[in-house]
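Input: a single structure, listed below in structure tokens.
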Amino acid sequence: MAEKYKRTDGRAYDEMREIKAKAGVIKNADGSAMFSFGDSIAIAAVYGPRQLHPQHLQDPSKCLLRCTYDMLSFSVNERKKPGPSRRSTEISYVTGKALEPVLQLDAYPNTVIDVFISIIQADASTRCAGINAASIALANAGLPMSELVTAVSMGKVAGNILVDLSKDEEDYRGEKIKETTDIPVAYLPRSDKISLLQLDGRIKVAELREAIKAAKKACLKINEIQREALKKIKE
């Protein structure tokens, strides 16, 4: 049974933090974007398609999508060791898998598209902020896409399903329910498909269904903000 829980910032359970998005933030990149959930800020830069070197990595049937996620050392209060970590390597991989379904990679054989995601400020939900920024940046680069990828971090805190967890909520331990469950979701609104679903913690099937339903609803709002950011850059 869920415990009574009040979000520290006063949000409703299905309410996201303030969202900001902007396309074309890096002049020298082929495409770029900023996306933020509250105090979590991601910057994405896209370069390519371009020739892939060394040559043995080339695929004659398609383009390689290479994503690099990096949480900068000054993005958190605690001193972070610079360089790639096991976590950043894993997030880089799943980010690529979340974005691949909307790209026409077979149109650019033997090439690479590099997506660099930098987290300049972190307060949870950074992988989802990064995916949202990368999706806008890919569109800003003029790459053919079937649709935008949207992402949001769901969670179960003190037995309650919440949208867009903050760091305080990720770390919360209830009186009886000590474990918080983190559920990053990437969603394709037009085709109604999920391109990323991760689960860290325990959850019942009915609760997971509830979380996915709430994630889809939140992602529709995120999609509107992404599209508006791209519209502004064209004006």
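Here, each number is a calculation from the coordinates, and none is a lab measurement. Given the structure is predicted, the values throughout are model-derived calculations rather than measurements. Heads up, the Cβs are rebuilt from the backbone with ideal geometry, glycines too, and the neighbour counts pull from every protein chain shown.
Quick notes
- Counted over all Cα-Cα pairs of the stretch 1-136, pairs farther apart than 28 Å make up 26 percent.
- Amide H to amide H, with H built 1.01 Å from N, Ala151 comes under 5 Å of Asn132, Tyr187, counting only residues 5 or more places away or on other chains.
- Counting only DSSP beta bridges with both residues in the chain, the antiparallel share comes to about 85 percent.
- Listed residue pairs exceeding 28 Å between alpha carbons, taken from Lys27/Lys193; Lys27/Lys216; Lys20/Lys217; Lys4/Lys213; Lys193/Lys221; Lys22/Lys193: Lys27/Lys193; Lys27/Lys216
- Gyration tensor (alpha-carbon) shape descriptor, the stretch 111-184, a/c threshold 1.5: prolate
- The stretch 88-93 - phi-based ³J(HN,Hα) in whole Hz, Karplus 6.51/-1.76/1.60, Gly and Pro as x: 5, 5, 5, 5, 4, 5
- Packing-based order for 156-164, 140-148, 128-136, using average beta carbon neighbours within 10 Å, highest first: 128-136, 156-164, 140-148
- What you get for the chain, charging only the Cβ of Lys and Arg (+1) and of Asp and Glu (-1), is a dipole of about 60 debye around the Cα centre.
- Relative contact order for the stretch 19-234, counting Cα pairs under 8 Å that sit 6 or more residues apart, in percent: 22 percent
- Leading residue at positive end of dipole, the stretch 19-234 (Cβ point charges), from Ala42, Val25, Ile194: Val25
- Amide H to amide H, with H built 1.01 Å from N, Tyr69 comes under 5 Å of Ser92, Ile117, counting only residues 5 or more places away or on other chains.
- The H on the amide N of Ser40, modeled in the peptide plane, is under 5 Å from the matching H of Asp123, each at least 5 residues off or on a different chain.
- Alpha-carbon Debye profile of the stretch 146-235, log10 I(q)/I(0) at 0.10, 0.15, 0.19 Å⁻¹: -0.29, -0.59, -0.83
- Hydrodynamic radius of the stretch 19-234 per Kirkwood, over alpha carbon pairs, in Å: 17.6 Å
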